[in-house]
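Engineer: Quick one: structure below, then a few questions.
Nothing in this text is a laboratory measurement; each read-out follows from the coordinates by a stated rule. All values derive from a computational prediction rather than experimental measurement. With ideal geometry, Cβ positions are generated from the backbone for all residues, glycine too; neighbour counts draw on all protein chains shown.
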Amino acid sequence: MTQTPPTRRPLLNARLLLKALLMTALSIPWQNALANPVTQADDATPAPRSNNVFLSDQAWINDIGTLLYADPDGDGYFSGISLSIDADTPYSSFEVFAAIDIITLTSQSQDVLTERLLTTRNFDIYGYSGSDEYRVDIDLVRNYSPGTYALEITLFDARTERLIDRVGANDFRNLRNLPLESEDNDTFFTPVSERPIEPANDDIRVSEYAGGTGFGMIMMVLVVALARIYPAYRQRTRELERN
């Protein structure tokens, strides 16, 4: 049965405008439905989904926030995703949970593989409140090659487990063209392992000190010098006292 879409709140309200100003001021890579490429915050004006097709009038996803983080090698591919889900309901409160899928894309942006990342715990949404966003941070640890990915988020009724809404790259631009890779693809500078001293002569003992020892090295040299000079100094002093 075709359902009449529920009445939505205005496209831009004070909460969304405040988020836009904060994200722009902080210059962090907060992605939104108008940001492209996704790692820039220059166009951080939040916007609702691009279509008005709703599967249920009980609850729906109104806004998605996406933040990419963790790129130690600076190659432009991130291993961390922080998602905030803002869902609304005409009721005073409604309990839901969400499933988050990752979609591997080809160079032509065609879906080739969809994989479930996680299913969230149950959480409550309250009417049209903007303070009930649900946030989840995801770290890709292994087996995700550097590339472009998309995300899909499905919302369920927590009581009946019935699907009530689903959004993806066609609904929010900040859910597509995500430059991601798992942590095992980050390349780091690995220092050369310490090589032990290898004396070529068994009749010697070797100690080595790096040039950066600085003040400690100077003090050690002074102590050694004093240890050698002091006995001779004491002997000379005693001879002078006898005379």
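Engineer: Which FRET efficiency value, to the nearest 0.05, do you get for Asp184 and Leu226 by plugging their Cβ-Cβ distance into 1/(1 + (r/R0)^6) with R0 = 45 Å?
Structural biologist: Plugging the Cβ-Cβ distance into 1/(1 + (r/R0)^6) gives 0.25.
Engineer: Which length gain, in nm to one decimal place, applies between Ser84 and Arg116 when the Cα-Cα distance is subtracted from 0.36 nm times their residue separation? List each step's numbers first, then the result.
Structural biologist: Details: separation 32, 0.36 × 32 = 11.52 nm, distance 1.75 nm.
Between Ser84 and Arg116, full extension yields 9.8 nm more.
Engineer: A follow-up question, please. Express in nm, to one decimal, how much length is gained between Arg159 and Ser93 on full extension, taking 0.36 nm for each residue of separation and deducting their alpha carbon distance. Each step should come with its number before you reach the end.
Structural biologist: On the way: separation 66, 0.36 × 66 = 23.76 nm, distance 1.27 nm.
That pair, Arg159 and Ser93, stretches by 22.5 nm at full extension.
Engineer: Compute the separation of the alpha-carbon centres of the range 80-106 and the range 127-157 and state it in Å as a whole number.
Structural biologist: When both Cα centres are located, 6 Å separates them.
Engineer: Treat the count of other C-beta atoms within 10 Å as a stand-in for reagent exposure and order Phe78, Phe97 from fewest to most.
Structural biologist: Exposure proxy ranking, most exposed first: Phe97, Phe78.
Engineer: Fewest to most neighbouring Cβ within 10 Å: what's the order for Glu241, Glu181?
Structural biologist: The order, fewest Cβ neighbours first, is Glu241, Glu181.
Engineer: While we're on this one: Considering amide H positions built from the backbone, and no H for Pro or chain starts, which residues 5 or more places from Asn62, or on another chain, come under 5 Å of its amide H?
Structural biologist: Residues meeting the amide H criterion: Asp86, Ala87, Asp88.
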